Amino acid sequence: HQADSEEDALNLLFMGDTNRAIAETPMNMASSRSHCIFTLSIEARIVGTDTVRRSKLHLVDLAGSERVAKTNSTGSVLNEAKYINTSLFYLEMVIVALYEKATKGRAHIPYRNSAMTSVLRDSLGGNCKTVMIATINPEAIHTEESLSTCKFAQRVSLIKNRATINEDTDPNAVIKRLKGELMGLREEIAYLKGEAGEGDALTPLALDELNQNC
């Protein structure tokens, strides 16, 4: 979607949020039954230059993990919980692999295990800055889930990335600039060769323009 203003982008965000499936579970009265990813892709061009800066912002709202044995979910809610837990497991595998890559020299990162990790590939171990906000339930009955969430957030904090500016040259801008320079050089050569008609008599319109400039 093309968003021409902040208002358009917020409308798209709200539209996506209203399309999320919500269901009541024993742990949450309004539980999100899916993850949500809102991506902003931005390009910036400096006037008069051939360079373009590109950036991407992923806003990710992860559905909470659920212990099926504790919730006793059935039917579609149970299937949704399985998919949620599986995708979170794959995400944790990527986080652990990135930490091992930095500390133990691991080569392979299992980004392709799930659609979510594939989409977030450049926001986890790439040229990026990553911020995670973890929400937990303070009730004693949910202590195991809270500890698990805190451990996951701790693993994320161990990943160290060095973000640099994504800046490169726009080939279309280079071609346009070179065409303009070529046209200017051809006009200059034609003038030097005497092909520009500089010896012809001035027209009344040209004389008026010269008088106005004076």
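Looking across Ala9, Ala3, one residue alone is farther than 19 Å from Thr86 by Cβ, of a type outside the set (Val, Ile, Thr), part of a loop (DSSP other than H, G, I, E, B) and modelled with pLDDT of 90 or more. It is Ala3. Kindly establish whether Thr71 is under 30 Å from Arg177 (Cα atoms), hydroxyl-bearing (Ser, Thr, Tyr) and at pLDDT below 90. Answer is no for this residue. Taking the range 97-115 only, how many residues are assigned to a helix (DSSP H, G or I) and either closer than 16 Å to Val156 by Cα or not hydrophobic (A, V, I, L, M, F, W, C) (or both)? Result for the range 97-115: 11. Please work out if Lys151 is closer than 30 Å to Glu66 by Cα and in a loop (DSSP other than H, G, I, E, B). So Lys151 fails the test.
Cβ-Cβ contacts under 7 Å between residues 6 or more apart (or on different chains), taken from a first residue in the range 72-89 that is open to solvent by less than 50 Å² (accessible area, probe 1.4 Å) to a second residue that is modelled with pLDDT of 85 or more and assigned to a helix (DSSP H, G or I), are listed as Ser87/Met116.
List the residue pairs whose Cβ atoms are under 7 Å apart, where the first residue sits in the range 127-144 and is over 19 Å from Leu98 (Cβ atoms), the second is open to solvent by 60 Å² or more (accessible area, probe 1.4 Å), and the two are 6 or more positions apart or on different chains. So the pair list comes out as Ile136/Cys150.
Number of residues in the range 171-213 that are under 30 Å from Gly125 (Cα atoms) and either modelled with pLDDT of 85 or more or touching a Ser or Thr at 6+ places or on another chain (Cβ under 7 Å) (or both): the value is 0.
Residue-level check: of (1) of a type in the set (S, T, N, Q); (2) under 20 Å from the mean Cα position of the chain (by Cα); (3) surrounded by fewer than 10 Cβ atoms within 10 Å (Cβ to Cβ), Thr103 misses just (2). Specify the residue that is farthest from Lys160 (Cα to Cα); the eligible residues are those in the range 106-136 that are touching a Gly at 6+ places or on another chain (Cβ under 9 Å) and open to solvent by less than 60 Å² (accessible area, probe 1.4 Å). Across the range 106-136, the extreme among qualifying residues is Tyr111.
When the residues of the range 116-129 are filtered to those that are outside any loop (DSSP other than H, G, I, E, B) and not aliphatic (A, V, I, L, M), the one that is nearest to Ala63 (Cα to Cα) is Thr117.
Conditions (1) of a type in the set (A, V, I, L, M); (2) under 24 Å from Val52 (Cβ atoms); (3) in a helix (DSSP H, G or I); (4) under 28 Å from the mean Cα position of the chain (by Cα), marked per residue:
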residue	(1), (2), (3), (4)
Val131	yes, no, no, yes
Ala134	yes, no, no, yes
Asn137	no, no, no, no
Thr143	no, no, yes, no
Ser146	no, no, yes, no
Thr164	no, yes, no, yes
Asn172	no, yes, yes, yes
Leu178	yes, yes, yes, no
Leu182	yes, yes, yes, no
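Any residue in the range 29-41 that is of a type in the set (Ser, Thr, Tyr), in contact (Cβ under 8 Å) with a residue 12 or more places away in the chain and under 30 Å from Thr169 (Cα atoms)? Yes, some residue in the range 29-41 is of a type in the set (Ser, Thr, Tyr), in contact (Cβ under 8 Å) with a residue 12 or more places away in the chain and under 30 Å from Thr169 (Cα atoms).
For Ser41, indicate whether it is open to solvent by 60 Å² or more (accessible area, probe 1.4 Å) and in contact with a strand residue (DSSP E or B) (Cβ under 6 Å, 6 or more places away or on another chain). Here the answer is yes, as Ser41 does meet what is asked.
The values are calculated or read from the model by the stated rules, or taken from the named source; none is laboratory data. Predicted model only: the values in this text are computed from it and were never measured. FYI the Cβ positions are ideal-geometry reconstructions off the backbone, even for glycines, and counts take in every protein chain you see. Only protein heavy atoms, including side chains, enter the accessible area calculation; ligands, DNA and RNA are left aside. Shrake-Rupley method; radii C 1.70, N 1.55, O 1.52, S 1.80 Å.
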